[in-house]
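Notes follow the structure.
The values are calculated or read from the model by the stated rules, or taken from the named source; none is laboratory data. Quick caveat, the model's predicted, so the values are computed rather than measured. Cβ sites come from the backbone with ideal geometry, for glycine too, and all protein chains shown count toward neighbours. SASA here: full protein model, heavy atoms, side chains in, ligands and nucleic acids out. Shrake-Rupley method; radii C 1.70, N 1.55, O 1.52, S 1.80 Å.
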Amino acid sequence: MTIVELITVIFLVVGCFFFLAGTLGVLRFPDLFSRLHALTKADNLGLGFIAAGMALHIASPWAALKILLIWLFTLLASSSTCYLIAHFQKEQDQLKNRKEGE
Amino acid sequence: METYQIYSLTSAVLFVIGIGGVFITRHFIKKIIATMIMGGGVFLSFVSFAERDALTFADPVPHALVITGIVVAVASAAFALALARRIYQQTGDISFSNDK
Amino acid sequence: MSLIIDGLLAILAIYLALQSLLAPRLTQSVFLFFAFGLALALAWIRLAAVDVAITEAAIAAGFLGVLFLDALRDFAPRIPAKNEAVQKQYSKSQTKSLFLPRLTLWAGLGLFLLIALEAVWKIPEGGGLTAAAGTLLPESGVENPVTAVLLNFRAYDTWLEMGVILIGLLAVFAAGGKMAYRKPGVASQDPLLRQVILFFTPVLFLFGAFLLYIGKTGPGGAFQAGVLWGAIGILLHLGGWPFIALMPRWLGQLLLTVGLGFFLVLGFLFMAAGGALFEYPPAYAGILILIIETLAAISIAAALSAIFALLNQIGEEADEIESTT
């Protein structure tokens, strides 16, 4: 096993660990906001580690660039979706509170 | 046991799950999902036998059939959804009326 | 080791299929169906069918998932009382059903499962058209065998299939009632959503064009590119730019039919020149296939985004009825 393979395996294992943590958070956390937090933060970090591991494994600059782009697009999409869902939920909560206040 | 055998057996199970779902579930959307699962089973069996007949590359004819099949299945599912939503709007039913 | 991965993937697909039918809430079933489509896409990568995997992930999981999510606006009522009444009606009707029909159904399903398992286990070897496709591949003008089958050897099927998409659109149009070509709505108020949509529009266009071009040598092609371009239409519609309504009517009709029409005209031209329908001369086959694929992708994109727009408008009409009553 070369040093590059070892680093690849370490990256993949760390990435899987973060995915596991994120999934556990989705299953265990009580409300929508903390679940969103777990899903977007931990999973994106996990995906980043797995992408880095795969880029090392493929060892071709063009493929590595494509993998980096995939990771960046996923980051952008998931963070903006997270914001939209959280924003919607906040508006719904405010509407509910106002109705209860009346 | 070969790889293609795992997936061809899975395809049979998926088809039966889908056909059972068409009979047992009541809601329109679930019935549509059940037919899509049936379709998934059929496509999986096609592709698994394409992999068995591979020479330097897998058999491309089932692959092409499955690609066209997926698109046609999605188009028909979209039509089914449109019908289901119109029925719900007009009558308020979410399942076929003789189930009541 | 690879058998363990395949086995786990198979179990995952079966579990997700079962759960998406058995889940108590409709939202859960839709999301589990989403996951089922992605699990199937992984299975296709394991079976060396990358073209099919891209199509499955893009159309069957992505596009259909979006349609189901949109349908949830109708079927997952925001007023819980209404939902409970429906649920009660459900449980009442379930207790009324007889024991014997259920037993027959389960026995029949079990028997059918055994027959299906035996049928796929014993399917005869041999046959298959791999060798035939392999020998004709140099004449087809492309290097990816799946693209060669789709657009050269069996071009007739692909042509008919594009007709099916168009008929699907017409059927949705007919079921949707009278509210087609509505006035454009107000653009979305959320600045972030607008910026994200504006950012992703050129990215999706570029990625679709890449898939279209790479279809000549590797996995990719007209359908995958068409779905990505269709996603642009869906995003713009959701962001408040309903371009189907904004665009002149003749332009929409042209975009929808250009793939089908060009394909047909080309086929008849070669027939008039003495060949068979869709028999391209090998020297020009590569460039002809690229043109056909581009036009086909445009038509598919237009049809898919129009289907989404029509279904979305069905929901909007329901919302309006709900808010007025």
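Points to keep in mind about this one:
- Tensor-based shape of the protein assembly as shown (alpha-carbon gyration tensor, a/c under 1.5 rounded, otherwise prolate or oblate): rounded
- Listed values for segment C:226-239 are Karplus-derived 3J(HN,Hα) couplings in whole Hz (6.51 cos²θ - 1.76 cosθ + 1.60, θ = phi - 60°), namely x, 5, 5, 5, x, 4, 4, x, 5, 4, 5, 4, 5, x, and x replaces Gly and Pro.
- Net charge contributed by nearby residues that have their C-beta within less than 13 Å of C:Ala133 (K/R +1, D/E -1): -3
- For chain C: rounded, prolate or oblate by the Cα gyration tensor [a/c cutoff 1.5]: oblate
- Cα lying deepest toward the dipole's positive end in chain B, options B:Gly92, B:Gly18, B:Leu81, charges on Cβ: B:Gly92
- The residues neighbouring C:Val149, those whose beta-carbon lies less than 11 Å from its own, together hold a net charge of -2 under the Lys/Arg +1, Asp/Glu -1 convention.
- Segment C:17-37 and segment C:150-167 have Cα centres lying 31 Å from one another.
- Shape class of segment C:138-325 from the alpha-carbon gyration tensor: prolate, with a/c at 1.5 or above and a/b greater than b/c.
- Averaging the Cα positions of each part gives two centres, and for segment C:191-254 and segment B:55-76 these lie 23 Å apart.
- Take the Cα of C:Ala132, step 7 Å toward its Cβ, do the same at C:Arg73, and the gap between the two points is 4.8 nm.
- Calculated FRET efficiency, C:Leu111 to B:Ile24, Cβ-Cβ distance, R0 = 25 Å: about 0.95 to the nearest 0.05.
- Candidates B:Ala73, B:Ala84, B:Ala64: whichever shows maximal mean-square fluctuation once chain B is modelled as a Gaussian network with Cα springs under 10 Å: B:Ala64
- Only helical runs count toward this figure. For chain B, summing -39,500 (n - 2.57) over DSSP H runs of n ≥ 4 and dividing by all residues gives -28000 deg cm²/dmol at 222 nm.
- Chain B: angle of helix B:3-24 to the longest principal axis, Cα-based, in degrees nearest 10: 10 degrees
- Peptides C:258-271, B:48-61 ranked from most to least packed give B:48-61, C:258-271, packing being the mean of other C-beta atoms within 10 angstrom over each peptide's residues.
- Charge tally around A:Gln89: other residues with Cβ under 12 Å, Lys/Arg +1 each, Asp/Glu -1 each, net 0.
- Only Lys, Arg (+1) and Asp, Glu (-1) charged, at Cβ; chain B dipole about Cα centre in debye: 600 debye
- More than 19 angstrom apart: percent of Cα pairs within chain B: 52 percent
- As a calculated quantity, the FRET efficiency between C:Leu160 and A:Ile3 at R0 = 56 Å, using C-beta atoms, amounts to about 0.50.
- These residues, B:Met1, A:Met1, B:Met36, go from largest to smallest accessible area, 1.4 Å probe, as A:Met1, B:Met1, B:Met36.
- Listed residues C:Ile14, C:Ile289, C:Ile234, most fluctuating in chain C (Gaussian network, C-alpha, under 10 Å): C:Ile14
- Among C:Ser29, C:Ser299, C:Ser140, residue whose mean-square fluctuation peaks in a GNM of chain C (springs only between Cα atoms under 10 Å): C:Ser29
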